[in-house]
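Reading through the structure tokens given below for one structure.
The values are calculated or read from the model by the stated rules, or taken from the named source; none is laboratory data. Since the model is a prediction, treat every value here as computed from it, not as a measurement. Cβ: placed from backbone, ideal geometry, glycine included. Neighbour counts: every protein chain shown. Accessible surface areas use protein heavy atoms only, side chains included; no ligands, DNA or RNA. Shrake-Rupley method; radii C 1.70, N 1.55, O 1.52, S 1.80 Å.
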Amino acid sequence: MKRNAAYDLNALRREFPILDREVYGHPLVYLDSAASAQKPRVVIEAQREYEAHFHSNIHRGVHTLATQATEAYEGVRSKLTEHINAARREEIIFTSGTTDSINLVAGTWGRANLNSGDVVALTRLEHHSNIVPWQILAKEKGFDIVVIEIDEDGSLCEESLKAALSRSPKLLCVSHVSNTLGTVNDVTRITAQAHEVGAVVLVDGAQAVPHKKIDVRDIGCDFYAASGHKMYGPSGVGFLYGKAELLEEMPPWKGGGEMIQTVSFEEETTFNVPPYKFEAGTPHLSGVIGLGAALDWINSVGLDKIAEHEEALIKYASERLSEIEGMRLIGTSKDKASVVSFLVDGTHPSDIGTILDQLGVAVRTGHHCTEPIMNKLGIPGTVRASFAAYSTFEEVDALVAGVERAVKMLR
Ligand code: 7TS
């Protein structure tokens with residue numbers, strides 16, 4: 001087991017108030033960060049401070065509070081631009097999360113560009129939020145969806161990728177990291193291959209942003225979507241990165257305040273420029289402020305250090321869990337992040353999850369909003385433990401002990 005001496009885990013954990021609590025009399029062992037990460041005090045405080053001292057609606061006011069709130073909000077846009085190395089701050093649209101970001105692309109770029117006879121390529125690994133918006137639109141527009149399949153270990157099948165690209169898809173959607181199997185997809189290479197056949201590429205980065213340094217220009221993708229609550233920030237806020245030339249051409253999506261230039265009954269209503277064209281209505285202001293604090297927090301720890309720590313945890317958890325008789329790790333691709341999914345012969349995942357909860361161990365069970373993966377692997381679901389910067393080796397030990405106990409009770 002490799003522990004990172006330079007990584008002061010105890011000090012880091014003290015920054016997360018929730019990690020002090022107990023569940024059923026046991027110290028909380030929170031292994032569900034892929035669903036939602038916990039927040040450090042600086043994020044909670046930034047939101048509270050904003051609500052207590054700076055809150056006002058943004059952009060439209062001339063008064064001091066409106067100016068301060070606008071500066072804070074737009075400051076986070078600049079911070080995020082730098083964080084993912086976007087070329088311009090206009091390429092960052094604040095949304096309510098990954099689901100909202102993908103629906104934005106489907107509702108604007110998709111509705112304007114996809115028609116009968118076109119092909120959209122999705123991978124089998126996608127979360128429902130990167131499948132269903134395309135299925136809804138396909139029903140309306142009559143385009144085809146082609147699925148890029150996975151190999152037994154949960155990595156993308158190269159043959160299937162080639163076959164999908166040979167159909168010259170207009171759009172290819174791929175998750176950067178699978179929330180169920182942990183597979184890390186080589187989105188830089190896939191984007192380059194997709195661009196060669198003329199496809200626009202959307203990367204779902206929900207499970208990547210908390211674990212990896214993201215460089216959208218290096219990836220080369222056209223869209224990149226993520227959620228605040230998976231990166232130590234608030235829920236109800238997220239972002240969509242889109243290449244400026246695409247955003248400029250895209251029609252608006254939601255209509256309302258802020259997204260317009262002029263509104264008239266007598267003449268045609270005209271629209272604002274990106275990113276405002278896509279930010280109708282009052283956004284989740286304290287959420288954006290909290291997201292800014294989360295970015296600062298992540299950078300203060302360092303994504304490289306977080307990634308190294310989590311990699312060691314995944315390795316340790318995989319090894320220790322494998323010692324359990326009847327253990328079946330689901331998703332064993334070479335490059336993994338974020339999660340360890342498993343099944344134990346003779347037990348149902350939800351029974352294991354319920355027993356673990358009684359021991360204070362929070363894991364997720366079920367299909368994790370990726371039913372197509374379950375269908376393909378012929379399994380009802382998995383037990384999923386997921387890790388974050390604050391996860392410990394002792395928590396992995398508690399998980400393993402809990403699973404051993406559950407298996408004894410259930411068999
Ligand atoms: N894409 C991926 C890869 C995800 O893991 C999730 C949420 C989403 C999109 C949707 O994100 P949202 O913030 O818009 O809801 N994944 C999970 C999960 O694994 N367990 O609960 C939510």
Vicinal HN-Hα couplings computed from phi for region 32-39 (Karplus, 6.51 cos²θ - 1.76 cosθ + 1.60; Hz; Gly/Pro x): 10, 6, 5, 6, 6, 7, 7, 10
Along Cα→Cβ, 7 Å out, is where each label goes; now give me the distance between the ones at K141 and K408 in nm to one decimal. 5.7 nm
Area projected by the alpha carbon convex hull of region 46-142, averaged over all directions, nm²: 8.8 nm²
Kirkwood Rh for region 44-300 from C-alpha pairs, in Å, is 18.9 Å
FRET efficiency for S36 and Y7 from the Cβ-Cβ distance with R0 = 22 Å, rounded to 0.05, comes out at 0.45
DSSP beta bridges in the chain, what fraction antiparallel, as a percent rounded to 5? 60 percent
Once phi is turned into ³J(HN,Hα) by the Karplus curve 6.51 cos²θ - 1.76 cosθ + 1.60 with θ = phi - 60°, what whole-Hz value does each residue of region 82-87 show in order, with x for glycine and proline? 5, 4, 9, 6, 6, 6
Separation of alpha-carbon centers, region 222-255 and region 277-308, rounded to whole Å: 13 Å
Between F271 and K334, what FRET efficiency follows from the Cβ-Cβ distance if R0 is 45 Å, with the result rounded to 0.05? 0.50
I need the phi-derived Karplus couplings for region 112-120: 6.51 cos²θ - 1.76 cosθ + 1.60, θ = phi - 60°, integer Hz, Gly and Pro marked x. 7, 10, 9, 9, 4, x, 7, 10, 10
Taking amide H positions as placed in the peptide plane 1.01 Å from N, state which residues far from T95 in sequence (5 or more) or on other chains have amide H under 5 Å from it. G238, F239, L240
Amide H proximity to C157 below 5 Å, modelled H, separation 5+ or other chain, gives E149, I150, D151
So for the pair V62, N85, with labels modelled 7 Å out along Cα→Cβ, what separation do we get in nm? 4.4 nm
Gap separating the Cα centres of region 328-370 and region 87-148, nearest whole Å: 29 Å
Burial order of peptide ranges 68-80, 280-292 (average beta-carbon count within 10 Å, highest first): 280-292, 68-80
Using label points projected 7 Å from each Cα along Cα→Cβ, tell me how many nm separate R21 and K254, to one decimal. 2.8 nm
Per residue Cα convex hull volume for region 343-398, in cubic angstrom? 96 Å³
Report, to the nearest whole %, how much of the accessible area of region 185-324 belongs to carbon and sulfur atoms, 1.4 Å probe, protein only. 49 percent
Non-local residues with an amide H under 5 Å from the amide H of L172, with H modelled 1.01 Å from N and Pro and chain starts lacking one, are A121, V200, V201, L202
Suppose the chain between I379 and S264 were pulled fully straight at 0.36 nm per residue; how much longer would it get relative to their current alpha carbon spacing? 35.8 nm
Region 44-300, relative contact order in percent, only Cα pairs under 8 angstrom and at least six apart counted: 24 percent
In whole Å, what three semi-axes, largest first, describe the equivalent ellipsoid of region 233-371 built from its Cα gyration tensor (square root of 5 times each eigenvalue)? 45, 19, 16
Counting each DSSP H run of 4 or more residues in the chain as -39500 (n - 2.57), what helix-only mean residue ellipticity at 222 nm follows after dividing by all residues, to the nearest 500 deg cm²/dmol? -11500 deg cm²/dmol
